[in-house]
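Nothing in this text is a laboratory measurement; each read-out follows from the coordinates by a stated rule. What you are looking at is a predicted structure, and each value in this text was computed from that prediction instead of being measured. Because the Cβ atoms are built from the backbone with ideal geometry, glycine has one as well, and the counts that use them run over all protein chains shown.
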Protein chains: 2
Amino acid sequence: MTSARSRKSGRARDERPERGIPEATVARLPVYLRALTTLSDSDVATASSEDLATAAGVNSAKLRKDLSYLGTYGTRGVGYDVNYLRYQIAREIGLTQDWSVVIVGIGNLGHALANYSGFASRGFQVAALFDVDPERVGEVVGDLKISALADLEVIVRESAVAIGVIATPAGAAQGVCDQLVEAGVSSILNFAPAVLTVPGHVDVRKVDLSIELQILAYHEQRKAHGFGALEAGAL
Amino acid sequence: MTSARSRKSGRARDERPERGIPEATVARLPVYLRALTTLSDSDVATASSEDLATAAGVNSAKLRKDLSYLGTYGTRGVGYDVNYLRYQIAREIGLTQDWSVVIVGIGNLGHALANYSGFASRGFQVAALFDVDPERVGEVVGDLKISALADLEVIVRESAVAIGVIATPAGAAQGVCDQLVEAGVSSILNFAPAVLTVPGHVDVRKVDLSIELQILAYHEQRKAHGFGALEAGAL
DNA sequence: ACGATTTTGTTCTCGCGTTCACAAACTTCT
DNA sequence: AGAAGTTTGTGAACGCGAGAACAAAATCGT
Ligand SMILES: NC(=O)c1ccc[n+]([C@@H]2O[C@H](COP(=O)([O-])OP(=O)(O)OC[C@H]3O[C@@H](n4cnc5c(N)ncnc54)[C@H](O)[C@@H]3O)[C@@H](O)[C@H]2O)c1
Ligand SMILES: NC(=O)c1ccc[n+]([C@@H]2O[C@H](COP(=O)([O-])OP(=O)(O)OC[C@H]3O[C@@H](n4cnc5c(N)ncnc54)[C@H](O)[C@@H]3O)[C@@H](O)[C@H]2O)c1
């Protein structure tokens, strides 16, 4: 109802481009970015939507529609310039700037995350590591020293950290979350199996391994049950 | 090509009743299960949809609709019996049986996963660990010894492993995936940033940390722009 | 120059998922 | 027992996303 720019006549009045990209599309852009990077590394200069879609594991119509939300970056009859499109997606996602990240809870998982090189290569700088355990504070992981929780607020503010990663036990997650938010963090990635409550301006995403396994188990169970007995009976 | 090729394959009138639960619901059931477990541990006997929804971080109407796909397990005017509902959900997901899991690629992340106790407590038994690196084979992690990739097929078949976890570098993921599928694994959880191609009967779920961070970055960038262009001066 | 060919950008339709709203079903109070 | 109060289960409305299909725009061959 409100989108009054379906026609392509150049009405560039006060009509803002309205930067809203559908969530489902936002979630796929990083996948396209990865595919483009791979192609670029193989010295592929241009790629069709079909090529890209295959590399990204999606339908080509979906890919084209996704890209159309960003702008008109392709050339009909030719395809997309790999490096140009790569830049445009990166810009859209916000990867032309670096982001500072802190990780809280440096146990099994926290160590793995802190040692992961895939962060920096995508523009995410791990600015600090925190743990509540006095035994752990001071330990060096990667090229960082684990800091005490008490220093969280100062460090977060000084490094302009926008993203916090929670890798503590579930019971501590809400408390840590509150501290991060208090310190000014407005995006949180939560690995703890706990529901976090945050103010409206804060984004939370969760990664829950157990849930993933349970979803797989559900389908696995159905495969086992379904195709055994009641395959013959339709109706 | 041809113009009149629109074969509208009219779906047959049979349509089996198909005990299918919507995917979105399946993904939330584990969350409800967790909330119920927490309530049960607090000796709460019954809970209303409102209580449960709050604990699970969802809308109560959504929760009720989700549960209605499983059956009629609530009592109007009262709510749900916590332990009864917990059992019903567990049964539906397939958690009344144990599942064997193997992890391939015991590096930073693989170690964390192998040491994670949250698996066993939810009915997922880690049956074996694999790595291609001869230096790593034989190393003990948790209470398991890392096996050689060559033994994958035999071990998977002997332990009736249905679920495989891939924690190798991206370049090795497809190869490992093929080996797992070849050995009979039909559900895969992939941590490597790579698109996996599998036969139709195999389920793949991916966990991609970088994508999560990029999605957060996108929203973070939008928040910043919305309030007008502030200078980039941090510190 | 121009038609054949390729491939994008977009429209249209359909199905899924979310949410509202309310009758039905159960409990409690009088 | 009957009225009042609770809470479930679900029908219906609605919005979003997926995919098919196609017109528009670009290149290529002659
Ligand atoms: N390890 C895995 O593979 C894995 C997989 C899925 C989910 N998880 C989840 O990730 C989280 C971390 O798992 P883990 O295996 O690393 O656990 P862990 O016990 O090894 O590490 C937790 C760390 O958090 C620290 N901590 C506790 N309370 C804290 C607080 N208030 N502030 C700061 N630090 C605090 C502890 O000192 C410890 O170092 C858990 O919630 C777990 O359920 C882990
Ligand atoms: N560490 C993290 O926090 C993190 C976060 C997100 C994603 N990932 C992804 O998870 C994967 C593993 O990360 P990591 O940090 O543990 O890497 P890593 O290099 O520490 O470990 C990879 C392991 O896989 C083994 N391996 C390599 N090829 C193999 C093969 N063909 N078969 C079996 N094993 C093989 C290696 O020997 C090594 O032990 C990577 O794809 C990474 O991008 C890791």
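When the convex hull of the Cα atoms of the protein assembly as shown is projected onto a plane and the area is averaged over all directions, what value comes out in nm²?
So the Cα hull casts an average projection of 28.7 nm².
For segment A:96-110, what does the Karplus curve 6.51 cos²θ - 1.76 cosθ + 1.60, with θ = phi - 60°, yield as ³J(HN,Hα) per residue in whole Hz, taken in order and with x for Gly and Pro?
My calculation for segment A:96-110 gives 7, 10, 8, 10, 8, 10, 10, 10, 10, x, 9, x, 3, 5, x Hz in order.
Just to be sure I understand: of the beta bridges DSSP finds with both ends in chain B, what percent are antiparallel, rounded to 5?
Close to 20 percent.
Take A:Val44, A:Val204 and order them by how many other Cβ atoms sit within 10 Å, fewest up front.
Going from sparsest to densest Cβ surroundings: A:Val44, A:Val204.
For a 25 Å ceiling on Cα separation, which of these pairs sit above it: A:Lys62/A:Lys223; B:Lys65/B:Lys223; A:Lys65/B:Lys206; A:Lys65/B:Lys65; A:Lys145/B:Lys145; A:Lys206/B:Lys223?
Beyond 25 Å between Cα atoms: A:Lys62/A:Lys223; B:Lys65/B:Lys223; A:Lys65/B:Lys65; A:Lys145/B:Lys145.
If each of A:Ala45 and A:Thr72 carries a label point 7 Å out from its Cα toward its Cβ, how far apart are those two points in nm?
So the two model labels end up 2.3 nm from each other.
Hey, what do the phi angles of segment A:67-84 turn into as Karplus ³J(HN,Hα) couplings, whole Hz, using 6.51/-1.76/1.60 and θ = phi - 60°, x for Gly and Pro?
3J(HN,Hα) across segment A:67-84, in whole Hz: 5, 5, 6, 7, x, 9, 9, x, 10, 4, x, 10, x, 10, 6, 4, 5, 5.
For B:Gln125 and A:His201, what does the FRET efficiency come to when R0 = 41 Å and r is the distance between their Cβ atoms, rounded to the nearest 0.05?
Plugging the Cβ-Cβ distance into 1/(1 + (r/R0)^6) gives 0.45.
Let me understand chain B better: what is its radius of gyration from the alpha carbons, and its Dmax, in angstrom?
Every Cα atom of chain B included, Rg and Dmax give 22.7, 67 Å.
Under a 5 Å amide H to amide H cut-off, with H placed in plane at 1.01 Å, what residues pair with B:Ser187 once short-range neighbours are removed?
Amide H neighbours of B:Ser187, under 5 Å, 5+ apart: B:Gly164, B:Asp203.
Under unit Cβ charges (Lys, Arg +1; Asp, Glu -1), what dipole magnitude, rounded to 20 debye, does segment B:99-211 have relative to its Cα centre?
The dipole of segment B:99-211 has a size of about 340 debye.
7 Å along Cα→Cβ for the label point: how many nanometres lie between A:Glu182 and each equivalent label in the other copies, listed shortest first?
Label-point separations across copies, in nm and ascending: 5.5.
Arrange the following residues from fewest to most other Cβ atoms within 10 Å of their Cβ: B:Glu153, A:Glu92.
Ascending Cβ contact count within 10 Å gives the list B:Glu153, A:Glu92.
Give me the net charge of B:Gly138's neighbourhood, meaning all other residues with Cβ under 13 Å from the Cβ of B:Gly138; Lys, Arg count +1, Asp, Glu -1.
Once all neighbours under 13 Å are counted, the net charge is -3.
For a quick check: with amide H placed at 1.01 Å from N, whose amide H comes under 5 Å from A:Thr46's, ignoring anything fewer than 5 positions away on the same chain?
A:Val82
Sorted from shortest, what are the nm distances separating the label point of B:Arg76 from equivalent points in the other copies, each placed 7 Å from Cα along Cα to C-beta?
5.9
Equivalent ellipsoid semi-axes for segment A:27-84, as square roots of 5 times the alpha carbon gyration tensor eigenvalues: give them largest first, rounded to whole Å.
15, 14, 10
Distances from A:Val140 to the same position in the other copies: list them in nm, one decimal, shortest first, using label points 7 Å from Cα along Cα→Cβ.
Label-point distances to the other copies, shortest first: 3.0 nm.
Positive end of the dipole of segment B:46-86, charges at C-beta (+1 Lys, Arg; -1 Asp, Glu), about the Cα centre: which of B:Ala55, B:Gly71, B:Leu85 has its Cα farthest in that direction?
The Cα lying farthest towards the positive end belongs to B:Gly71.
If I take all pairs of Cα atoms in segment B:136-186, what percentage of them are more than 13 Å from each other?
62
Please arrange B:Glu158, B:Glu135 by how many other C-beta atoms lie within 10 Å of their C-beta, fewest to most.
Ordered from fewest to most neighbouring Cβ atoms within 10 Å, B:Glu158, B:Glu135 come out as B:Glu135, B:Glu158.
Where both residues lie in the protein assembly as shown, what percent of DSSP beta bridges are antiparallel, nearest 5?
Of the beta bridges lying entirely in the protein assembly as shown, close to 20 percent run antiparallel.
Helix-derived [θ] at 222 nm for chain B: sum -39500 (n - 2.57) over DSSP H runs of at least 4, divide by residue count, nearest 500?
My calculation for chain B gives -12500 deg cm²/dmol from helical runs alone.
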